[in-house]
Each structure stands twice: as structure tokens, then as C-alpha cells.
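Written below as C-alpha cells is the structure these notes are about.
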């Protein structure tokens, strides 16, 4: 059984902080034990980095994956009553004041997606969801699912796109440590000269992560040109980066590793459409890139605000999970 110890005076601030750190790690482990993650559809073809090992998730963390056919969720979203759609529009409209400028039928389509997901979460007692967000929401409902998942993330019900179960589990872990929202991002740019990178996603970030000096805007998907997504730069501050990484140990055998990193999100204009933030890592950007490439890391990383690297290390020790340092 994993354990730790402490030899110190009870009034030593460092001792108190160590106990608090261990308690946060223990709380995160308890959060995962018994967690139920909804899987809506399957990951898109070619996106094998979103694959997961249901048996290991259950045995190692106590996480259960609860599948739901995508066609059922699409039908439920299409059948949502107008009043429920308007309630969603009113809620998100308090954050994004330009919704009237967007195609109204598509905006209300995203509202239907949120309501259908929220109903599924409540009915199945889910702790988070991973959703096949494309192409069917665009082709069948003529709207984006991103804006629905943004509000779920803001409600601290972690929601990942591309049916990324491991991404949702990682976000749930970070959320349990920080008691604040977490969400998945892509590392889309690195600049060796400024030792910085850009973390981005199409528009499912929680409102609480928005830079308060910049307006939140409703927008359209960069590829499909349909609403509803939310566009804003991430607020400045310390962030923790993590990823539950599927690692091939020997041919035909896989295990999980916990990728842990950190950095400082700096105030900067939007780098791309959707949600983006410029981050200065705790290691040179080229070293971060080298770790990503040499270990074949997934394209999704989860982030939350605050520094929880020590807690993640203790969590990994508790469950016997190898750690891979990103920074």
C-alpha cells in the first residue's frame, strides 16, 4: 500500500502545506473512484490518440465508461423543447453579448445539444462526458457541439471533444485538485525565440478562464462555419498541464502514464479563432517539443489554473502510475 510520512513540528508551515497537498491528492483519487464518464459515439477515424483502455481505467482508477449511441443523443437534441433552448441562450448570453449576430437556428441547435447532454448526465449520474463532436453535429443538426460543452466545463462537468475519454478523466483529476474548471487544449504552436507556446481549442473552454480584459464572443467553427462556439483569450496566471497518456511498453502491451507540466499563461491577443492562450513553460519550448515528439504524446492536454504538480505526483504514487515530466 503506498504511503508517505512526515517528521516535523505540527506548527511548521511546510508541514501543514505537505499535509494539505496530500489531502488534495487523496480527494482527487476519491473523486475518480466511482466516477462515471459518458461516451457519446466513438472517436473519429484516424484519431487513435483518443482511444482508451476501459479495463485499466476501471481497475486502476475506479472509473467506469458509460457508452451512449451518438444517434440517440442527436435525436434527443433535435427534440428539445423551445423553452429549454431559450433558457440556454439566456444563460450564455450573459457572457457573450453578440449572439443576436449569429444564425439563430444554429445557436438554438447548440442549445438543444446542451440540454440533451445535461439530461443524459443527470439521468445516468455522469461525472463527465466525452463526445464525438464532428462531423455529425454539423451534418445532422447544422450546429456545433462546442458551445454546449463550454457551459458543461464551466459547470465543472468536464466535457471533451473527439470522444476523448482519457482527456475527460484528466480534466476531472485536475478539477478535483483545483476545485475549479479544467478543459482540454491542443498545443498548436511553439516559439523557441520567446520560449512560449500556444494552447488552443475551437471554443469549448469554460467562461471562468476568459481574460477579464477581453470580451467573450459567440462565434462559428473555423472549419464548418456554424455556431455556437465561444471565442476569447485565456486569462493570465499559473497553470498546470496534465495528460493521462497511453504508453506502449512492449509490442501488444499498453499502460498508462501521467504527463505533468506547468507554466505561466501570459496576457496576449487571441492567436487563433476560438479559445487560445500563450504559455511560457517551465522548461525551454524546444525541450517541451522534444518530450512530446519522442514520447508520442496525444494532441490533447488538460489544463487548470494553479500549481498542482506536487499533488499530481502524489496521486500518481498512490495509484502506481509512472510520471512523465513535460516541463
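Note on residue 142 and residue 72: with the Förster distance fixed at 25 Å, the Cβ-Cβ geometry gives a FRET efficiency of about 0.85. Each label point was placed 7 Å from the Cα along the Cα-to-Cβ direction; for residue 98 and residue 323 their separation is 4.3 nm. Using 1/(1 + (r/R0)^6) with R0 = 41 angstrom and r between the beta carbons of residue 294 and residue 17, what's the FRET efficiency to the nearest 0.05? After rounding to 0.05, the efficiency reads 0.75.
Which whole-angstrom value gives the distance between the alpha carbon centres of the range 1-80 and the range 136-190? Here the answer is 14 Å between Cα centres.
A quarter of the convex hull surface defined by the alpha-carbon atoms of the chain gives 17.6 nm² as the mean projection. Full extension of the segment from residue 122 to residue 155, taken as 0.36 nm per residue of separation minus the current Cα-Cα distance, would add 10.6 nm.
Between residue 192 and residue 81, the C-beta separation translates, for a Förster distance of 51 Å, into a calculated FRET efficiency of about 0.45. Helix 82-93 and the longest principal axis of the C-alpha atoms of the chain enclose an angle of approximately 50°.
Working from Cα positions, state the angle (0 to 90°, nearest 10) between the long axis of helix 309-319 and the longest principal axis of the chain. The angle comes out at about 80 degrees. Normalised by the number of residues in the range 1-122, the mean separation of alpha-carbon contacts (under 8 Å, six or more apart) gives a relative contact order of 22 percent. Computed from Cα atoms, the angle from the helix 104-124 axis to the main principal axis of the chain rounds to 50 degrees.
Segment residue 248..residue 9, full-extension length gain: 81.6 nm, with 0.36 nm per residue of separation and the alpha-carbon distance subtracted. Based on DSSP H segments of at least four residues, each scored -39500 (n - 2.57), the chain has a per-residue ellipticity at 222 nm of -10500 deg cm²/dmol. Size descriptors for the range 132-237, from the alpha-carbon set: Rg then Dmax equal 14.1, 44 Å.
Each label was represented as a point 7 Å from its Cα along the Cα-to-Cβ direction; for residue 264 and residue 54 these points are 4.5 nm apart. Relative contact order of the chain: 18 percent, from C-alpha pairs under 8 Å at least 6 residues apart in sequence.
With the cut-off at 19 Å, report for the range 32-115 the share of all Cα pairs above it, as a whole percent. Percentage above 19 Å: 56.
Any read-out appearing in this document is the output of simple, stated calculations on the displayed coordinates, not a laboratory observation. For clarity, every value in this text was computed on a predicted model and none was experimentally measured. When we count neighbours, we look across all protein chains shown, and the Cβ atoms used for this are built from the backbone with ideal geometry, even at glycine.
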